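Written below as structure tokens is the structure these notes are about.
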Amino acid sequence: MKDNRQIFLIFLAYYGITCVTNIYFLFGPFYERMGASPQAVGLFLSIFYMVMLLCRPLGSVVMERLDIRRSLIGSSLFCVAMAAGIALSLNSPLLLLFFRAMLGVSVSVFVVATVAAQSILLDERSRGIGFALFTTGSMLPLATVVPVSEWLLHHNFNELYIWFPALTALACAAVSCFVKDLSYSGKAERRWGRYSDLFKVKGVKVLLFTAATMSLADAMTISMASLANARSVSVSYFMIASAAAAVLIRTVGFRLIAGIPRVRLAAPAAALMGFALLGLSFSSTALMFVLFGLFFGVGIGIGFPTDLALVGDMLPAAYHPKATGLVLLVIDSGWMVSPLVYGCFSPYLGVSNTFRVMGLAVFAAASMLYLRYWLPVAQGKLKIGGEC
């Protein structure tokens with residue numbers, strides 16, 4: 001790796017900003033105890049993710065204008081201000097929504113900058129394992145700040161809880177100050193690539209389709225509790241198994257597949273997730289939910305970091321900010337589409353049949369992408385990168 005210290009600092013920053021978002025996982029019950037309606041809680045939670053989705057391209061633009069270090073510092077300080085605004089606006093629903101939405105802007109910019117920084121810092125040999133380890137930063141907060149937040153609320157340290165995100169964002173800003181100025185070239189005459197040129201690069205559209213397929217499967221976890229209820233099984237069996245498998249595959253397990261070309265991994269990982277959804281729709285025992293949860297976790301454990309790493313494999317660094325933002329945008333959009341699909345089809349097909357349709361669709365789409373594109377690339381019959 002080019003610079004282990006900088007890579008570690010970027011990881012800490014990514015972990016920290018994910019901590020900020022995850023602390024608010026417990027805000028719903030806290031807000032309801034203050035008298036808020038379930039609708040108000042739902043709007044507070046959802047507006048953040050909606051704004052994050054819309055602002056992925058903005059993150060690319062900001063990173064290109066300010067470079068990575070200043071983007072991290074600026075967006076994290078903005079995050080501090082918005083989290084403080086939330087803490088001070090608990091009795092004003094409109095202001096609370098405004099600050100929550102603006103928090104989505106700052107987090108979106110920060111995440112794009114950290115992922116693009118990893119793409120620039122990691123070389124081709126270390127990119128796979130590097131992104132695998134890096135993306136554990138989005139899971140570790142569930143085992144760290146979420147239990148701490150729960151403890152604070154359980155012991156009535158409400159003030160400390162509501163200011164916890166601002167303090168965490170301030171720590172992100174402190175870490176960001178130690179990040180070096182990062183750019184893809186030291187030559188001033190070089191410029192960041194344009195979207196029009198980006199889409200001329202061979203393989204970019206297929207990468208986006210592959211990421212979208214994976215995201216459609218991943219986002220079905222939102223409705224997994226409904227499937228578990230329909231199959232009379234506790235959803236925790238699936239959740240724990242999939243999370244454990246994903247963390248293991250991104251740490252210890254990724255070294256076992258490090259020698260496999262990433263073009264052979266992205267689509268099969270999505271297909272495995274589709275297969276797991278299909279299998280779950282026929283499962284009615286805890287053992288089967290654990291088994292298919294493990295399959296699902298292996299798929300997302302491989303798929304997400306592989307898709308991000310392929311940005312660096314396929315594209316010159318001049319395109320990394322825009323390409324990273326697009327991949328994250330596509331992945332985010334799956335979390336909007338899948339619940340809508342589930343809501344439209346489940347009243348007519350039933351819960352289990354809806355999961356079967358989605359699982360089969362994801363499996364078929366990922367398999368087609370692999371056979372028609374990624375496999376010929378792996379065999380040397382097609383090339384990625386360069387203009388069409």
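The values are calculated or read from the model by the stated rules, or taken from the named source; none is laboratory data. Please read these numbers as outputs of a predicted model, since none were measured by experiment. A quick note on method: Cβ atoms are made from the backbone with ideal geometry, for glycine too, and the neighbour counts reach across all protein chains shown. Ligands, DNA and RNA are stripped out before the accessible areas are found, and what is left, the full protein with its side chains, is counted by its heavy atoms. Shrake-Rupley method; radii C 1.70, N 1.55, O 1.52, S 1.80 Å.
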Original post:
When residues of segment 245-275 are filtered for being modelled with pLDDT under 85 and among the aliphatic types (A, V, I, L, M), how many remain?
Top reply: 6
**OP:** Only one of these is more than 23 Å from PHE304 (Cβ to Cβ), touching a Phe, Trp or Tyr at 6+ places or on another chain (Cβ under 7 Å) and not assigned by the TED database to the domain that holds LYS322: PHE44, PHE99. Name it.
**Re:** PHE44
Original post:
So which of LEU88, LEU66, LEU45 ends up being open to solvent by 40 Å² or more (accessible area, probe 1.4 Å) and either closer than 15 Å to TRP163 by Cα or among the β-branched types (Val, Ile, Thr) (or both)?
Top reply: LEU88
Original post:
Can you find a residue in segment 138-149 that is in contact (Cβ under 8 Å) with a residue 40 or more places away in the chain and in contact with a Ser or Thr (Cβ under 6 Å, 6 or more places away or on another chain)?
Top reply: yes
**OP:** Output the residues belonging to segment 120-167 that are hydroxyl-bearing (Ser, Thr, Tyr), open to solvent by less than 20 Å² (accessible area, probe 1.4 Å) and at pLDDT 75 or above.
**Re:** THR135, THR136, SER149, TYR161
**OP:** State which residue pairs qualify: first residue farther than 12 Å from ALA217 by Cα and inside segment 269-294, second residue in a loop (DSSP other than H, G, I, E, B) and of a type in the set (A, V, I, L, M, F, W, C) in any location, beta carbons under 6 Å apart, and separation of 6 or more residues or different chains.
**Re:** ALA286/VAL233; PHE289/VAL233
Subject >> Hits in segment 285-318 - residues which are surrounded by fewer than 24 Cβ atoms within 10 Å (Cβ to Cβ) and closer than 18 Å to GLY203 by Cβ >> reply: ASP313, MET314, LEU315, PRO316, ALA317, ALA318
Original post:
Would it be correct to say that PHE282 is touching a helix residue (DSSP H, G or I) at 6+ places or on another chain (Cβ under 7 Å) and either closer than 21 Å to VAL351 by Cα or open to solvent by 50 Å² or more (accessible area, probe 1.4 Å) (or both)?
Top reply: no
Original post:
With respect to the numbered conditions (1) within 29 Å of ARG33 (Cα to Cα); (2) out of contact with any Pro (no Cβ under 9 Å at 6 or more places or on another chain); (3) of a type outside the set (D, E, K, R), which one is the sole condition not fulfilled by ALA87?
Top reply: (2)
Subject >> Qualifying residue in segment 28-46 (condition: under 27 Å from GLY130 (Cα atoms) and out of contact with any Ser or Thr (no Cβ under 8 Å at 6 or more places or on another chain)) >> reply: no
Original post:
Counting only residues that are open to solvent by 30 Å² or more (accessible area, probe 1.4 Å) and within 26 Å of the chain's Cα centre (by Cα), how many does segment 343-366 have?
Top reply: 11
Subject >> Filter result for the condition that a residue is surrounded by 18 or more Cβ atoms within 10 Å (Cβ to Cβ), under 19 Å from THR135 (Cβ atoms), of a type in the set (A, V, I, L, M) and out of contact with any His (no Cβ under 7 Å at 6 or more places or on another chain), over LEU96, LEU72 >> reply: LEU72
**OP:** State all residues of segment 243-257 that are open to solvent by 70 Å² or more (accessible area, probe 1.4 Å) and either on the phi > 0 side of the Ramachandran plot or part of a loop (DSSP other than H, G, I, E, B) (or both); if no residue qualifies, say none.
**Re:** VAL252
**OP:** Given the conditions (1) modelled with pLDDT of 85 or more; (2) under 14 Å from the mean Cα position of the chain (by Cα); (3) not aromatic (Phe, Trp, Tyr), report the number of the one that THR324 does not fulfil.
**Re:** (1)
Original post:
Just one of ILE260, ILE222, ILE240 is open to solvent by 50 Å² or more (accessible area, probe 1.4 Å), β-branched (Val, Ile, Thr), within 17 Å of SER346 (Cβ to Cβ) and not assigned by the TED database to the domain that holds LEU140; which is it?
Top reply: ILE222
**OP:** Examine segment 327-334 for a residue that is touching a residue at least 12 places away in the same chain (Cβ under 8 Å), within 19 Å of the chain's Cα centre (by Cα) and surrounded by fewer than 19 Cβ atoms within 10 Å (Cβ to Cβ), and state whether such a residue exists.
**Re:** yes
